[in-house]
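The values are calculated or read from the model by the stated rules, or taken from the named source; none is laboratory data. This is a predicted model, so every value here is computed, not measured. Neighbour counts run over all protein chains shown; Cβ positions are idealised from the backbone, glycine included.
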Ligand SMILES: Nc1ncnc2c1ncn2[C@@H]1O[C@H](COP(=O)(O)OP(=O)(O)OP(=O)(O)O)[C@@H](O)[C@H]1O
Ligand SMILES: [Mg+2]
């Protein structure tokens, strides 16, 4: 119920339109009923009248009504509805007769038929209008929901993305919103449009014969339960279907972006087999759902016809007994048939709503998730003195008793200095960088900029003043210019992009491209070489002329030539800049003011190149390995410089 109220809140901006839907619904159902209700007895009168419809019709129309008044009064329920409705019926019929009255019977018949066409045309115009309005409300709601969901996801802390598969996130934005959307529209139709129709139709039914109505209701109730039982099963299966769909999204996403690995290991067949197993399961599930879904339609119709046949039988008996006229029975059957549609929808609404609610629950759960990283309020544009890690401890899995990924790490980086982090793979270098960017928060200790804990700063501003070249180069399917300019929020002209590209040693290769800075580089930059991608990433970091440059060197081995070019780009970028550099090639950081040697999460050694060599410890060990090209003990190999 709470969920439902929250959903309704999404509808509030459209309240004007909702009122319109209600009004139009009332109008169209009234119009529908009035036309059937008034025209059928008239037709009856036309066909039974002699040569003209003047006086005899009045008598014909009134006579059976008057007879029934007596009967209904004696039948209990008639006491409250008998007199008024009978009078109403008679006067409506009379009025209509006057309107349609013509010289000849044929002419009257034509008038009636024209009226029928006109009234149904107008009624259906209303139905069309309603459909349009409902669709507008529905799409507006869906758009807002989708925007909210996307905005929540994109603002989420990084760990959220580590724990949720991309396919499932895509599912949230696409399928779950769609399911809620469907529910909204079906709810609309069912709770705003149909109740009026049902109410009006049922009134007509009761007026015609309450006994027959009771009989028909019992039969309909039976249908309702049968369909509901099937609906429940469909719902269960549909949930698994949606989850499977999410898994497929994830799998496709992962496989297509990892296509190179698949191809280089010639694993296409293995992947195909896996996928086929997956689609097999998918198909089986689909078949089970279809089996149930397909049975609903035929079963529905059979039951419906059975119900109407029963009603005709029961009603026929009433006609024989003179409790109803035959035209009333036809009218009854016609109205009953019209009632069935909306009532059948009520039967489905349960399933529809349940499906939508599952999705709504997931969506609201996401919308309620507050990012773990709380933003600070202090403004920051740059810094004057230093950045310090003070006794920082951190691990990813908070509840496990695994050792800390960073274990009491302390070091400082003064303005204008270049500090390097080196150490074996997995020793926590990239993690330290992520902490400084506030992708995660420290478990204990603190990181300060100019003496103030970074948790106090607005993290978006903090990140804006830092240029990052991350270990994993991430480029978008856009032009070279757009990819470089992505580094800054300022509107950058081509000139600034070129300056950045020059600093990153990238200008030359870009100029050689046919469309230069407007060259599209493909998904993740697949149309560029590894070294070119790295240089674009450097240019992206340089374009905002950052206060602090963080450089997490890619481990991917480049050939000697590209390595030299990239190295030059790095050297160039580091000139006269405060920088924190994670280096695998020790040659990159030989000139660093301070080198911190990380070892299984601890800052084991610290000093400049010469000092560290003299200590004769880990750094010297790494250095010697690198220059002899051996493999480090834990199995990770460091590229030879
Ligand atoms: N998102 C994550 N969730 C859980 N554990 C992680 C995550 N990222 C890294 N780790 C673990 O934290 C440890 C430190 O990883 P980190 O990426 O900081 O190493 P690194 O020093 O940068 O290594 P490399 O030189 O290979 O880049 C590793 O044991 C790694 O498995
Ligand atoms: Mg790393």
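Results, tabulated for the structure shown:
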read-out: Every residue from segment 396-412 that is out of contact with any strand residue (DSSP E or B) (no Cβ under 8 Å at 6 or more places or on another chain) and within 16 Å of ligand 2 (Cβ to nearest atom); value: 396
read-out: For residue 592: the one exception among (1) closer than 18 Å to residue 553 by Cβ; (2) modelled with pLDDT under 80; (3) in a loop (DSSP other than H, G, I, E, B); value: (2)
read-out: The lone exception for residue 378 - which of (1) touching a helix residue (DSSP H, G or I) at 6+ places or on another chain (Cβ under 8 Å); (2) in the same structural domain as residue 240 (by TED's automatic domain parsing) it fails; value: (2)
read-out: Total residues in segment 575-589, condition modelled with pLDDT under 85 and within 14 Å of ligand 1 (Cβ to nearest atom); value: 6
read-out: Selection within segment 411-431 - within 7 Å of ligand 1 (Cβ to nearest atom) and either within 22 Å of residue 457 (Cβ to Cβ) or under 34 Å from the mean Cα position of the chain (by Cα) (or both); value: 430, 431
read-out: Count of residues meeting criterion [within 16 Å of ligand 1 (Cβ to nearest atom) and surrounded by 14 or more Cβ atoms within 10 Å (Cβ to Cβ)] in segment 452-483; value: 5
read-out: Condition check for residue 219: touching a helix residue (DSSP H, G or I) at 6+ places or on another chain (Cβ under 6 Å), farther than 30 Å from residue 174 by Cβ and touching a residue at least 12 places away in the same chain (Cβ under 8 Å); value: yes
read-out: Search result, residues across segment 237-273 that are within 29 Å of the chain's Cα centre (by Cα) and not in a helix (DSSP H, G or I); value: 258
read-out: Residue match in segment 277-299 (condition: crowded, with 17+ Cβ neighbours inside 10 Å, in contact with a helix residue (DSSP H, G or I) (Cβ under 9 Å, 6 or more places away or on another chain), under 30 Å from residue 34 (Cα atoms) and in contact (Cβ under 8 Å) with a residue 60 or more places away in the chain); value: no
read-out: Flag for residue 504 being under 21 Å from residue 551 (Cα atoms), touching a residue at least 24 places away in the same chain (Cβ under 8 Å), within 16 Å of ligand 2 (Cβ to nearest atom) and in contact with a helix residue (DSSP H, G or I) (Cβ under 9 Å, 6 or more places away or on another chain); value: no
read-out: Pairs, first under 22 Å from residue 383 (Cα atoms) in segment 416-432, second more than 13 Å from ligand 1 (Cβ to nearest atom) and at pLDDT below 85, C-beta under 7 Å, six or more apart; value: 418/574; 418/592; 419/592; 420/589; 420/592
read-out: Residue tally, condition touching a helix residue (DSSP H, G or I) at 6+ places or on another chain (Cβ under 7 Å), surrounded by fewer than 16 Cβ atoms within 10 Å (Cβ to Cβ) and under 23 Å from residue 342 (Cβ atoms), over segment 300-327; value: 1
read-out: Any chance residue 383 is modelled with pLDDT of 80 or more and not in a strand (DSSP E or B); value: yes
read-out: Search result, residues across segment 182-195 that are surrounded by fewer than 20 Cβ atoms within 10 Å (Cβ to Cβ) and at pLDDT 75 or above; value: 182, 195
read-out: In segment 465-478, residue farthest from ligand 2 (Cβ to nearest atom) [restricted to those that are within 22 Å of residue 582 (Cβ to Cβ) and within 29 Å of the chain's Cα centre (by Cα)]; value: 475
read-out: Residue in segment 437-450 that is within 16 Å of ligand 2 (Cβ to nearest atom), over 38 Å from the mean Cα position of the chain (by Cα), part of a strand (DSSP E or B) and in contact (Cβ under 8 Å) with a residue 24 or more places away in the chain present; value: no
read-out: Odd one out for residue 364, checked against (1) under 21 Å from residue 437 (Cβ atoms); (2) surrounded by 14 or more Cβ atoms within 10 Å (Cβ to Cβ); value: (1)
read-out: Criterion: within 16 Å of ligand 1 (Cβ to nearest atom) and within 22 Å of residue 242 (Cα to Cα) - qualifying residue of 180, 166; value: 166
read-out: Criterion: out of contact with any strand residue (DSSP E or B) (no Cβ under 7 Å at 6 or more places or on another chain), modelled with pLDDT under 75 and over 24 Å from residue 426 (Cα atoms) - qualifying residue of 611, 561, 633; value: 561
read-out: The lone exception for residue 363 - which of (1) away from ligand 1 (no atom under 16 Å from the Cβ); (2) modelled with pLDDT under 85 it fails; value: (2)
read-out: Top-ranked residue in segment 484-493 [being surrounded by 14 or more Cβ atoms within 10 Å (Cβ to Cβ) and at pLDDT below 80; ranked as nearest to ligand 2 (Cβ to nearest atom)]; value: 487
read-out: Flag for residue 362 being within 30 Å of residue 170 (Cβ to Cβ) and either more than 16 Å from ligand 2 (Cβ to nearest atom) or free of Cβ contacts under 8 Å to residues at least 24 places away in the same chain (or both); value: yes
read-out: Subset of segment 381-403 [within 10 Å of ligand 1 (Cβ to nearest atom) and in contact (Cβ under 8 Å) with a residue 60 or more places away in the chain]; value: 396, 403
